[in-house]
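Report on the structure given below.
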């Protein structure tokens with residue numbers, strides 16, 4: 001399948017090293033159909049298809065979800081994904097005014113409206129915890145939102161086996177863990193605050209270096225906070241991961257192909273160095289627009305199709321829907337690059353050489369508000 005045939009929303013992104021036939025994770029799943037809900041744009045299905053969303057919560061303490069979230073969950077199986085990924089903020093915690101009972105009620109609402117419907121559709125599910133789920137922010141050596149973390153563990157612990165994942169390391173689940181799915185290695189770290197502790201970085205370094213990770217067809221890392229800023233109002237300390245260049249180097253050293261994140265509420269597939277980034281937009285409340293832009297913000301949901309060919313580098317294709325209209329988003333309407341306070345991201349269909357000289361000289365301009 002030629003690259004040009006996959007460029008409606010995103011030029012086929014080359015990922016990783018050339019793969020031999022023995023490394024392919026599932027070509028038996030590919031066929032000539034384009035599965036999607038009736039009436040929606042239907043891209044070709046890859047060898048592996050992921051359904052990805054993030055930031056589905058509403059106001060503090062809310063036990064209900066916006067119509068865009070409910071619609072996305074209801075339609076999920078019609079896209080025929082192999083795996084559903086959530087990049088965090090499944091509930092609306094991170095407020096010390098919330099009681100334990102209120103936190104439990106939010107997880108019950110999530111179970112009723114999100115997790116149980118996905119289970120009933122037979123869809124494997126993986127997630128990373130967000131700051132509104134179980135913030136890892138600490139003060140004087142203690143978790144500021146300890147109750148949130150306790151209740152997240154209480155909810156997810158008994159449900160681990162129901163996720164449909166082949167766990168590799170679940171000793172610290174649900175905060176950080178690793179698993180295999182269709183010969184893709186996924187590492188989930190706890191990026192629910194701006195700091196990933198040194199011990200957890202060591203764990204990630206060792207996990208990504210392991211034979212299990214290195215013999216997989218691809219390596220993907222999932223975390224809530226991004227390395228680099230992409231949206232208005234989130235371009236400041238505490239809203240992006242500290243020491244981002246070192247974290248990027250860690251991932252590149254182990255040939256991680258993709259970092260999936262949320263928190264900034266603005267969809268932006270991008271690249272920096274050898275690493276691809278999927279900055280998920282918000283499917284729930286509070287979508288934001290991009291740094292340097294004033295576009296109307298939108299709720300989004302993304303299909304990620306992975307195509308594998310013998311002795312060819314794998315390609316990713318993102319199809320992202322505006323969940324307010326259910327229309328696909330034209331990638332060319334997104335910023336060609338975003339320059340933030342700690343680094344530059346280039347839109348995933350472009351490279352440094354595609355930028356104009358003026359774009360290459362572009363400096364960071366803080367949020368408009």
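Out of the stretch 71-114, which residues are over 30 Å from residue 182 (Cα atoms) and assigned to a loop (DSSP other than H, G, I, E, B)? Scanning the stretch 71-114 gives 92, 93, 94, 95, 96, 97, 98, 99. Those strands (runs of 3 or more DSSP E) of the stretch 133-196 in which 2 or more residues are surrounded by 18 or more Cβ atoms within 10 Å (Cβ to Cβ) occupy 176-181, 184-188.
Looking at 294, 325, 320, just one residue is at pLDDT 95 or above, surrounded by fewer than 20 Cβ atoms within 10 Å (Cβ to Cβ) and either assigned to a loop (DSSP other than H, G, I, E, B) or touching a helix residue (DSSP H, G or I) at 6+ places or on another chain (Cβ under 9 Å) (or both), and that residue is 325. Of the residues in the stretch 255-272, not one is in a loop (DSSP other than H, G, I, E, B) and surrounded by fewer than 15 Cβ atoms within 10 Å (Cβ to Cβ). Criterion applied to 118, 123 was being in contact with a strand residue (DSSP E or B) (Cβ under 7 Å, 6 or more places away or on another chain), outside any helix (DSSP H, G or I) and closer than 27 Å to residue 184 by Cα, and the one residue passing it is 123.
Go through the stretch 108-120 and give me each residue that's surrounded by 14 or more Cβ atoms within 10 Å (Cβ to Cβ) and over 21 Å from the mean Cα position of the chain (by Cα). Even if it seems obvious, please write down each step before you answer.
Here is the first cut: in the stretch 108-120, the residues surrounded by 14 or more Cβ atoms within 10 Å (Cβ to Cβ) are 109-111, 113-115, 117-119.
Result: 109, single match.
Scanning the stretch 328-351 for residues that are outside any loop (DSSP other than H, G, I, E, B) and surrounded by 12 or more Cβ atoms within 10 Å (Cβ to Cβ) returns 328, 331, 337, 338, 339, 344, 345, 346, 347.
Collect the residues in the stretch 235-261 that are under 19 Å from residue 132 (Cβ atoms) and in contact with a strand residue (DSSP E or B) (Cβ under 7 Å, 6 or more places away or on another chain), keeping them in residue-number order. Spell out how you get there, then give the answer.
Keep residues of the stretch 235-261 that are under 19 Å from residue 132 (Cβ atoms), which gives 236-241, 260-261.
The answer is 260, 261.
The values are calculated or read from the model by the stated rules, or taken from the named source; none is laboratory data. Everything numeric here is computed off the predicted structure, so don't read it as measured data. Every residue, glycine as well, gets a Cβ built from its backbone with ideal geometry; the counts of neighbours run over all protein chains shown.
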